[in-house]
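Remarks on the structure that follows.
All of the numbers you see were taken from the coordinates with simple rules; none came from a lab. All figures in this text were calculated on a predicted structure; none of them were measured in a lab. Glycine also receives a Cβ, built like all others from the backbone with ideal geometry; neighbour counts cover every protein chain displayed.
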């Protein structure tokens, strides 16, 4: 047993008042023999707002307060007496600034690993992912994401690869390890040259769907493979405003669709639900995209709480793996009294920066008129030429050329500023509610989550 995993188990046992013999540290089964069933959870719902720093959380909360007169569901959750809140250190084995592969692996395996790999120790040994333990205990398993379902965070609960970019290998491992439910993007990694994994999933008894209608009309929900885009799902703001994406389900829709089949297993389930594109919007320094991604994620919290109300033997975790971009709503105007109206200007955005780049890649054209119809920000001819030049050189969500070209205008108009296009080392939020939530300490390291969860689930 690793020193890191032992540490997280020890914290749980201390919290339960069970320190006495070292034999209690040997396995979850040994621990469960001496503990109360009231601490045991049957189900785990693990909600991940990937790349969400406290600045972006505050931005979305201020926006919702201004437009709906109430705080985010996340803020309302934290006001409940039975919720346990932790501040989480997100470092990896190789850096104070983690990537999603290492951050997810800390949760998934109970060890800190090097950036870029999924569930491999720094010595190169494969580590057992959380969902493998769940399967051994007879539980169902599910992964839901707005990213490719083979992306780092969902993969960290179920796969082992030395390089996170081996997404076709991850897809194959999902099949081999029989993850019961998969919903998100990433079709391109299931249909590769010489192999159609979708057909293989169907032969294994999975129902395969590719759009909202197919998901709604499912009759056999015992096992589901839902792939709704070749790569990542479009941003929430684009799905809202572009009819071409009308058949792509929202994160909340996928979450609801996942709960029913998974909950039919009398042994329970482990489900990870990831709003993965919060991270991408942070990389792109896109204020409208990150706002709408956070609002979409927030819609998942009451779904989880409703399920918990009917199924009290459930542990719900709401958290993030790291911050991205250093997003902050800043002071605007005299005595900062213009910050609210600046934030309101995000309402004028009718698409993400990615949607503009997508049209450029499709048509080879970019115009200030079209840009202003999406973002309602005037740009100069020089900025137009700069954007086109950089688009010709190629870009992705990691380095949005639009945000770089109009950074000053964005800040002036919206009050939203960024520190970089990269991940940050900031401490991040974790909220736990339900069975066993009291065992989460006020401050914890990311790898400690695994041991606490496994002890509560007895796996």
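Of all beta bridges DSSP finds with both residues in the chain, what is the antiparallel percent, to the nearest 5?
Roughly 35 percent of the DSSP beta bridges within the chain come out antiparallel.
Across all directions of projection, what mean area in square nanometres is found for the Cα convex hull of the chain? Walk me through the numbers before you get to the answer.
Working: hull surface 89.0 nm².
In nm², the orientation-averaged hull projection of the chain is 22.3.
Under the rule of -39500 (n - 2.57) per DSSP H run of 4 or more residues, summed and divided by the residues of the chain, what mean residue ellipticity at 222 nm is obtained, to the nearest 500 deg cm²/dmol?
Mean residue ellipticity, 222 nm, calculated: -12000 deg cm²/dmol.
Would you mind calculating the gained length between residue 94 and residue 299 on full extension (0.36 nm times residue separation, minus the Cα-Cα distance), in nm to one decimal?
On the way: separation 205, 0.36 × 205 = 73.80 nm, distance 3.44 nm.
The span from residue 94 to residue 299 would gain 70.4 nm if fully extended.
FRET efficiency for residue 176 and residue 337, Cβ-Cβ distance as r, R0 = 51 Å, nearest 0.05?
0.30
Mind giving me the nanometre distance, one decimal, between the label points for residue 122 and residue 216, set 7 Å out from Cα along Cα→Cβ?
A separation of 5.2 nm, rounded to one decimal place.
Below 8 Å between Cα atoms, with a sequence gap of 6+, how large is the relative contact order for the chain in percent?
Dividing the mean separation by the residue count of the chain yields 29 percent.
Take the alpha carbon atoms of region 119-160, find their radius of gyration, then divide it by 2.2 N^0.38 Å using N residues; give the quotient.
Cα Rg divided by the expected 2.2 N^0.38 Å: 1.24.
Once label points are set 7 Å from the Cα along Cα→Cβ at both residue 310 and residue 231, what is their separation, rounded to one decimal in nm?
Simple spin-label model gives 3.8 nm for this pair.
How do 369, 113 rank when sorted from fewest to most other Cβ atoms within 10 Å of their own Cβ?
Values: 369 6, 113 27.
The fewest-first ordering by Cβ neighbours comes to 369, 113.
Of all the Cα-Cα pairs you can form in region 372-459, what percent are over 15 Å apart?
In whole percent, the share of Cα-Cα pairs in region 372-459 beyond 15 Å is 72.
Can you compute the equivalent ellipsoid semi-axes for region 46-157, i.e. the square root of 5 times each eigenvalue of the Cα gyration tensor, sorted largest first and rounded to whole Å?
30, 17, 13
Using r as the Cβ-Cβ distance of residue 347 and residue 202, and R0 as 60 Å, what FRET efficiency do you calculate, to the nearest 0.05?
Approximately 0.90, to the nearest 0.05.
For a quick check: sort 174, 411, 206 by the number of other beta carbons within 10 angstrom, fewest at the front.
With the sparsest Cβ surroundings first, the list reads 411, 206, 174.
Efficiency by 1/(1 + (r/R0)^6): what FRET value for residue 367 and residue 407, r their Cβ-Cβ distance, R0 = 25 Å, to the nearest 0.05?
Here the calculated transfer efficiency is 0.75.
Given the C-alpha centroids of region 35-85 and region 159-173, what is the distance between them in whole angstrom?
30
Let me test this: with uniform point scatterers at the alpha carbons of region 159-270, what is the Debye-based log₁₀ I(q)/I(0) at q = 0.23 1/Å?
Debye intensities relative to I(0), on a log10 scale: -1.38.
Binning every alpha carbon pair distance of region 349-417 at 10 Å from zero, what are the percents per bin?
All Cα pairs considered, the percentages come to 20, 61, 18, 0.
Kindly provide log₁₀ I(q)/I(0) values, in the same order as q = 0.11, 0.17, 0.19 Å⁻¹, from the Debye equation applied to equal alpha-carbon scatterers of region 266-411.
Here log10 of I(q) over I(0) equals -0.54, -1.00, -1.15.
Ratio of region 70-124's C-alpha Rg to 2.2 N^0.38 Å, to two decimals?
Dividing the Cα Rg of region 70-124 by 2.2 N^0.38 Å gives 1.49.
Relative to the longest principal Cα axis of the chain, at what angle does helix 448-457 sit, 0 to 90 degrees, rounded to 10?
Approximately 50 degrees, to the nearest 10.
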